[in-house]
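Structure first, commentary second.
The values are calculated or read from the model by the stated rules, or taken from the named source; none is laboratory data. All values reported here derive from a predicted model rather than from experimental measurement. Here the Cβ positions follow ideal geometry from the backbone for every residue, glycine too, while neighbour counts run over all protein chains shown. Remember, those area values only see protein heavy atoms, side chains included, never the ligands or the DNA or RNA. Shrake-Rupley method; radii C 1.70, N 1.55, O 1.52, S 1.80 Å.
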Amino acid sequence: MPESAVQNSVKSGKWINSTCKMCLHSCSTRVHVTDEGVVNKVEGNPTNPSNEGGLCPKGNGALMRLYDPQRIKTPMKRTNPRKGPDDDPGWVAISWEEALDTVGKELKKTFDDDPRKLLPAINDFHKLYLWAWPAAFGGNANYFSVVGTQCGGGYHPMNGFIHSSFAAGNDTEHCNYWINNGGGDGFSSHLHMAGAARHMARARVDRGMKLVTVEPRLSISAAKSDEWVPIRPATDRHFALGLCHVMIEENLYDAKFLKKDTNAVYLVGPDGLFVRNKDKKTYVWDLVDNKAKLWDDKTIKDFALEGEYEVEGVKVSPGFQLFKTNISQCTPERISGITTVPAETIQRIARDFAKAASIGSTITIDGKELPFRPAAYNYYRGAQGHKTGTMTNHAFKLVNFLVGCIDAPGGHIGFTLDDFMIDRGHIWEGENGQIKTTPHQLHPEVPYAYPPNTAHLMDYFPLGVDPGHLITQTYFEPEKWGMDYKPDTMLICHSNPLWNLNGPQDKYFEILRNMRFIVAIDILLNETTAWADIVLPTLDNLERWNMVMIEPPITEGPCLTQPAIEPLWDCKSEEEIFNEISERVGILDNWNEVQNFANMFFEKPELMLKPGIKYSDKEIAERKGKMWDNKDLNWFKEKGHASTMRRPDKFYRPWEGQRIHFYIEDILTRKIQLQEDMKKSKVPFYDIWEWDDYGAIPTAVLDPVHKEPEEFDMYAITFKDVEVNFGENLSIPWIDDIVHKNPVHMGILINTVAAKKRNIENGDLIKLTSNYGTIMGLARVTEGMHIETVGVSNALSRWTGYHAVVKAGGGHYNRLLPANLKNTCACSGQMETSAKVRVELFRKNPNDEDVVKSELAKYRYAK
Amino acid sequence: MPLRTYDIVGDEYRVGYRKQDAWGWKIALAFFFGDVGAGTFFVSAFYNYMPGMIFGWILTTFFKPAALFMHLGQPLRFWRAITNVRTAWISRGIVGAILFTGFGFLHMVNLKWAIFGPALGGIIFFLAMAGTFIVMIYLGYVLSHSPSLPLWNTGLMPVISLVYGLMGGVTMTLLFGVNSFLAADPAALHFLKTAELILIGITLISILSMLHGAAYNSSTGMATVRQLLFGEHQKWFLGYVVLVGIIAAGLLALTGSTAIFILLLVAITELIGDFGLKMVLFKSALYSPPLSHSTV
Amino acid sequence: MTVKYGMVLDLKRCIGCNACTIACKAENSTPNGIAWTETLSEEIGTYPNVTRVYVPTICNHCEDAPCARVCPTTATYITDEGIVLVDEDKCIGCGACIVACPYKKRAKLKSETFEAGLHKSGEITPFEKQGYPRFTIGTAVKCTFCHERVDQGLLPACVTTCPTEARVFGDLNDPKSEPRKLIQARKGYQALAELNTKPKVFYVD
């Protein structure tokens, strides 16, 4: 058989255990390499309890990225000084020595001048420690990118506040009523799709779990749901608050949980902070004895959740009451007007949800009795990505709080990003019986400074995720922001900032044009790296080493990536490249120190990186593996991963005995601190800073997108689906095939009625204009779109002419978005991701592909 | 608006009618040459009219395989095409063509030089005619042997195939023979001209019936017919097949004229209709949506 | 009793991701434009009461396969285990099988696609170089139910990769097999069953 086998997986060769990197996450794979050394099949690894041998379409296409004929094969230098989206860089191959020396020289120049002048965009999600490299570059905290902020600005800090974790989602193993609000979990994306989809299918089909999807588009999740609830974009928070209103009004919530396990009962004063005694201890109100008591008073008979009282001479209310007051106007009728969801639907879902939560019931898992709350509200990118990032994400959490399902079996659970060590834990004690909130999930807080040290004003986002788009403000009006330097160097590693950044593309073009030096590190050229001066080719995931655990929802433990073959081209690992650059800049020791910190090697000092040594990707992977449970690389090579089901004691209510934060006072205390700092420094933009975004409890304020001028009478959203990771894998022919034949990716989605009103038919070329930009595309008329909303797939978002397979789509959605303070959450850094647009027919049915291409080209760039 | 509708989809990942795209003009040409060649030989043979027989024989023996070779993916293996006479109509048709080529040649030789006796000559003649008959009719069986394309899956197909073959034969024989053997045989001339009109009439009714049957067979059939009458293939069908190939040919034939120019026009219009029909049958055929039943 | 291979496609589980499509292409090195399994979709209803169904399709390996019936060279044949295969040495590329298949799941190999390669640029990857030699230009190709994997006790590539376990493969002659149990429990049916090709791929809602 083996000699004459024609099917790739049974040809003579060997299987190598590794990890998939076709999206952010890390499903386990096995890679087949023939006797002739050709990688000819990638499959799921059946031993990982997450994906169990399954693999999504992206993972199946991994080897095509390895073998992409347009891989960067050698370091290259630009010879055409003109930089623009259509300019041919005039690449010339150079040696590594010349390349690294040039890069080292230029970066050293920047380092010696002012390290802040470097704009990094380092976005290899499988190697998060690389993102910390700028810290070694003189403490540089710049970030020329919004990867992570578009989907996770409000999301990650809030998970840190509530669960002390990076991510969160629903418990697939036990949930019976699952609400999916603007997230693709289990269907399209987010959190190990191949694994999540498997367990989601079992929950739906084998266990009969009910699924309700709330979002403007008939997504895969909506299609498989028992009910699709179309909703107007940027009103998801209101929907959630509407549910809360019903549950509170009709007394359907888990009062016991709120009283025992949360700080909803702590009394809040007029300034929004907890009232404290002289020892800084907080108060609650004992309903039975009708007096205030300290939170840990042993004689408390019953906690008040509502009411107004007086303590220490001030008027106080429990945090719960403040929430109830904030949403007193969120009746189903009013919420219906805001969201376009029928009032009856809001009521029905709230009641069904609360009923399914089985408040009061318990379940025994691993011999331990736990509260059983099999109803959970999940949400992600589309629902959370709004100007009111913090309070929007908080509102979604509160739906779960009300039914007591936070971190409970069947409920909404925090998922850690990377545990580093098997028993490290992720819950720390805070004060007054609460857990410590840990909003800094991505990197440590960037210290306050004025004049700003960062070009994106991160100095003023102590709780947020990098709002890289704010460089459009500081770069062009430096005096307004007190900038005392102008960035002039860029390092782009595994990133496509021009693609991911929201807002005025012409401004980003100008920033790039004004860079003295740009170095790019990648495996394929993209829209941004085509502007580089030097390109350094790095290894594909099938040629490199890594050890990665990245927010798995069902499992824990790191997964090994190992090379299947020797590098195809003259490429180096990212580690080697950063080592070489660091050495030339003179920061190698700093870099090793930063890695020790980023990878927590200091917890096991024998693993720490020593000064003066350049560590390879293999050595870093080996150390990360040993960090987990002292297993060496050979163990990992044989097993492929250390992935096991998440342990119940770590997964369910790991904070048992402490209180979690219903009312997030830390947000207000940090705001006050920031205000004091800014006042002291006499920061000139104090008065335009969006202070209202800081809140301990959500309100029902409308996001500013709803107040765009009336001529923009439709909403627009963007989306990706399971085939597409951001937009990067559109270079893979197999993916290209299934994407460009999929109706939802074939054009701008518009509802039949909305289309008819504008004389738009299937295949017509249409124009979308917002207050901030314009894009074009062929119309795709569908019933599966909210009547006021158009949908623009990521599949339409690329524009590079450099790749034989990537199609220029004309629909770079982010151009429609603003990049200003007004549309950024001051607390979380989250930018507004939905838009209001005017939709017009541009040209009827241009069947000629060349006609379409030339029109799209005109609107591809502002200039 | 209907809750569940189907459109004609290209290679889009959408449930709908999909177009037949494996058979195109090359194989249509092959069948066309075979049809016309066999028909001309068949009709001419009844009158021992050598020029017609030679013409038909050359068309089927050389032109048909030439067109077929252009269509086949592996033409050098063409000889394998006769190995499945047990179930495949293409095999049977090729066997028919071989019978026609071999015994047709022998018959023409016999006619010219009378080298076989009457018994053997009769058998040769019979086999040659059997071959031509098979060649004329087998396209219809090939098309209707599978339920895959509703337009093709009708009992009328062999009739249509045969009738076009005969029609081609009659018009070509008339054209070639009007000033030779038919000038001396007014009964034959009258018979052929009447046969021509009858055949055109049968063609018209068969095609109308084919449309009717397809339209009321399934939604796929209806979608196909709509393409022929109102959609993408309207020009070919209503124009070339009906207007030119049936109506014009019919009207010209009805004039009863035996002027060579008119007979030429009749032949040309009829042949255009013949090739046009094959082309439009191939191009317009639609596959049914794979699963119109699902309920989730 | 001999084995009779069949498959069940679970429409309740399928999410239309087309991992199966790519797994098959990766397994079989099929060139551009040829996919032996594909998942389609269909919108049903009017806004806001609208849903979408995902419909995986694959060669049904019919027991009374019209493709085998019409093949003039017997290149298309049915094995004892019910797998419909094409002997590429015998196929002359006439396309009769393509027009005979009611499910349009057969295709003819064209030289242009091999020359242009998957990247349509003429640059052929090592993957393609090791995979293309199995094909004979101009012949008909189709799903083989991964018989080389099945012979080794493995499942077809599309079945193994499906993230939602929506594809179930096994012996239809064994009432205890997974596909048989599923067909019985969830009332499996065939695509275009009335066309009487006796498909061995069943769907459950």
With a ≥ b ≥ c taken as the square roots of the eigenvalues of the C-alpha gyration tensor of chain A, please select rounded if a/c is under 1.5 and otherwise prolate if a/b is larger than b/c or oblate if it is not? rounded
Span from the the range A:563-624 Cα centroid across to the the range A:97-120 one, whole angstrom: 19 Å
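Quick one: pull the percent of accessible area on chain A belonging to carbon and sulfur, 1.4 Å probe, ligands and nucleic acids left out. Before the final figure, lay out the partial values.
On the way: 13670 of 27320 Å².
That share works out to 50 percent.
Strictly over 28 Å apart at the Cα level, which of A:LYS259/A:LYS368; A:LYS480/A:LYS858; A:LYS259/A:LYS281; A:LYS639/C:LYS12 would you flag in this model? Don't skip to the end; give the middle numbers.
Numbers: A:LYS259/A:LYS368 22 Å; A:LYS480/A:LYS858 33 Å; A:LYS259/A:LYS281 17 Å; A:LYS639/C:LYS12 33 Å.
Pairs exceeding 28 Å: A:LYS480/A:LYS858; A:LYS639/C:LYS12.
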Placing +1 at every Lys and Arg Cβ and -1 at every Asp and Glu Cβ, with all other atoms neutral, what dipole size does the protein assembly as shown have around its Cα centre, in debye to the nearest 20? 2880 debye
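In µm²/s, what is D for chain C at 37 °C and 0.692 mPa s, where D = kT/(6 pi eta Rh) by Stokes-Einstein and Rh is the Kirkwood radius from Cα pairs? Could the numbers behind the result be given before it?
Numbers: Rh = 17.9 Å.
Reported coefficient: 184 µm²/s.
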Can you pull a Stokes-Einstein diffusion coefficient for the range B:18-287 at 37 °C (0.692 mPa s), Rh from Kirkwood over Cα pairs, as a whole number of µm²/s? 174 µm²/s
What whole-number distance in Å separates the alpha-carbon centres of the range C:1-62 and the range A:649-688? 49 Å
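Kindly sort B:ILE90, B:ILE98, A:ILE338 by accessible area of their heavy atoms, largest first, with the probe set to 1.4 Å. Show your work: numbers first, answer last.
Details: B:ILE90 15, B:ILE98 95, A:ILE338 40 Å².
The residues order as B:ILE98, A:ILE338, B:ILE90, largest area first.
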Result row for chain B, helices from DSSP H with C-alpha axial extent 18 Å or more and mean Kyte hydropathy at least -0.5, is B:25-46, B:89-113, B:118-144, B:156-177, B:186-215, B:260-284
Ranking A:HIS812, B:LEU120, A:ALA99 by how far each Cα lies towards the positive end of the charge dipole of the protein assembly as shown (+1 on Lys and Arg Cβ, -1 on Asp and Glu Cβ), the top one is B:LEU120
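Of all the accessible heavy-atom surface of chain B, with the other protein chains kept in place and a 1.4 Å probe, what percent is carbon and sulfur?
Working: 8800 of 12170 Å².
Roughly 72 percent of what the probe reaches on chain B is carbon or sulfur.
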For A:PHE401, what accessible surface area do you get with a 1.4 Å probe? Give it in Å², rounded to 10. 0 Å²
Antiparallel bridge percentage (DSSP; both residues within chain A; nearest 5): 60 percent
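Please arrange A:ASP617, A:ASP570 by accessible surface area, largest first, computed with a 1.4 Å probe and ligands excluded.
Numbers: A:ASP617 15, A:ASP570 80 Å².
Greatest to least solvent exposure: A:ASP570, A:ASP617.
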Test assert for the range B:66-110: residues whose accessible surface shrinks by at least 10 Å² between chain alone and all chains, 1.4 Å probe, equal B:HIS71, B:LEU72, B:GLY73, B:GLN74, B:ARG77, B:ARG80, B:ALA81, B:THR83, B:ASN84, B:THR87, B:ALA88, B:ILE90
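Please get the size of the charge dipole for the range A:541-695, origin at its Cα centre, with Cβ charges of +1 on Lys and Arg and -1 on Asp and Glu, quoted in debye to the nearest 20.
Details: 23 positive and 30 negative charges, 93 e Å.
Roughly 440 debye, rounded to the nearest 20.
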In degrees from 0 to 90, rounded to the nearest 10, what is the angle of the helix C:19-28 Cα long axis to the longest principal axis of chain C? 40 degrees
For chain C, the dipole about the Cα centre with charges only on Cβ (Lys and Arg +1, Asp and Glu -1), to the nearest 20 debye, works out at 340 debye
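Taking every DSSP beta bridge with both residues inside the range A:737-840, roughly what % is antiparallel (nearest 5)? Can you show the working numbers first?
Values: 11 of 15 bridges.
So the antiparallel bridges in the range A:737-840 amount to around 75 percent.
Could you tally the net charge around A:ASP850, taking each other residue with its Cβ under 14 Å from the Cβ of A:ASP850, Lys/Arg +1 and Asp/Glu -1? Don't skip to the answer; put the middle values down first.
Numbers: positive: A:LYS807, A:ARG843, A:LYS853, A:LYS858; negative: A:ASP848, A:GLU849, A:GLU855.
Result for the local shell: +1.
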At 1.4 Å probe size, with no ligands or nucleic acids counted, give the accessible surface of A:LYS436 in Å², nearest ten. 100 Å²
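Tell me the Kirkwood radius of the range A:585-659: reciprocal of the mean inverse pair distance over distinct alpha-carbon atoms, in Å.
Details: mean 1/r = 0.0689 Å⁻¹.
About 14.5 Å for the range A:585-659.
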So if I take the centroid of the Cα atoms in the range A:761-809 and the same for the range A:377-404, what is the distance between those two points in Å? 28 Å
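Among B:LYS278/C:LYS198; A:LYS73/A:LYS108; A:LYS21/A:LYS127; B:LYS235/C:LYS110, which pairs are too far apart, with a Cα-Cα distance over 19 Å? Please list the in-between numbers first.
Details: B:LYS278/C:LYS198 30 Å; A:LYS73/A:LYS108 26 Å; A:LYS21/A:LYS127 11 Å; B:LYS235/C:LYS110 29 Å.
Among B:LYS278/C:LYS198; A:LYS73/A:LYS108; A:LYS21/A:LYS127; B:LYS235/C:LYS110, the Cα-Cα distance tops 19 Å for B:LYS278/C:LYS198; A:LYS73/A:LYS108; B:LYS235/C:LYS110.
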On average, how much accessible surface per residue is there in the range B:18-287, in Å², for a 1.4 Å probe, leaving out ligands, DNA and RNA? 40 Å²
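Return the Rg/Rh ratio of the range A:816-863 with Cα-based radii and a Kirkwood Rh. Don't skip to the answer; put the middle values down first.
On the way: Rg = 16.2 Å, Rh = 13.8 Å.
Reported Rg/Rh (Cα atoms, Kirkwood Rh): 1.18.
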In a Gaussian network model of chain C with springs linking alpha carbons closer than 10 Å, the residue among C:ILE22, C:ILE137, C:ILE44 that fluctuates most is C:ILE44
Give the B-C buried accessible area in Å², both sides summed, 1.4 Å probe, nearest 100. 4000 Å²
List the accessible area buried at the contact between C and A, summed over both sides and calculated with a 1.4 Å probe, in Å² to the nearest 100. 4800 Å²
Can you list which of the GluC sites (Glu not before Pro) found in the range A:694-793 are DSSP loop residues with at most 11 other C-beta atoms within 10 Å? A:GLU710, A:GLU711
So which residue, out of B:LYS112, B:LYS283, B:LYS193, gets the largest mean-square fluctuation from a GNM of chain B using Cα contacts under 10 Å as springs? B:LYS112
Of B:LYS64/B:LYS283; A:LYS707/A:LYS822; A:LYS58/A:LYS720; A:LYS260/A:LYS650; C:LYS104/C:LYS200, those spanning more than 18 Å from alpha-carbon to alpha-carbon: B:LYS64/B:LYS283; A:LYS260/A:LYS650
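Suppose only helical runs count, i.e. DSSP H with n ≥ 4. What mean residue ellipticity at 222 nm does that imply for chain A under -39500 (n - 2.57) per run, divided by all residues and rounded to the nearest 500 deg cm²/dmol?
Rounded to the nearest 500, it is -7500 deg cm²/dmol.
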MRE, 222 nm, helices only [DSSP H, n ≥ 4, -39500 (n - 2.57), over chain B, to nearest 500]: -21500 deg cm²/dmol
State the answer as a single residue: which of C:TYR77, C:GLY153, C:ILE58 lies farthest towards the positive end of the charge dipole of the range C:5-204, with beta carbon charges of +1 for Lys and Arg and -1 for Asp and Glu, about the Cα centre. C:ILE58
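Over chain A, average the accessible area per residue using a 1.4 Å probe and give it in Å², no decimals.
Working: 27320 Å² over 863 residues.
Ligands and nucleic acids excluded, the figure is 32 Å² per residue.
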Of the candidates B:ALA259, B:ALA119, B:ALA248, which one comes out as most mobile in a Gaussian network treatment of chain B with C-alpha springs shorter than 10 Å? B:ALA119
Surface accessible to a 1.4 Å probe, per residue, for the residues of chain C, Å²: 32 Å²
What number, in nm² with one decimal, is the all-direction average of the projected area of the convex hull of the alpha-carbon atoms of the range A:712-807? 6.2 nm²
Of B:ILE268, A:SER336, A:VAL38, which is farthest on the positive side of the dipole of the protein assembly as shown, counting Cα position, with +1 on Lys and Arg Cβ, -1 on Asp and Glu Cβ, and the Cα centre as origin? B:ILE268
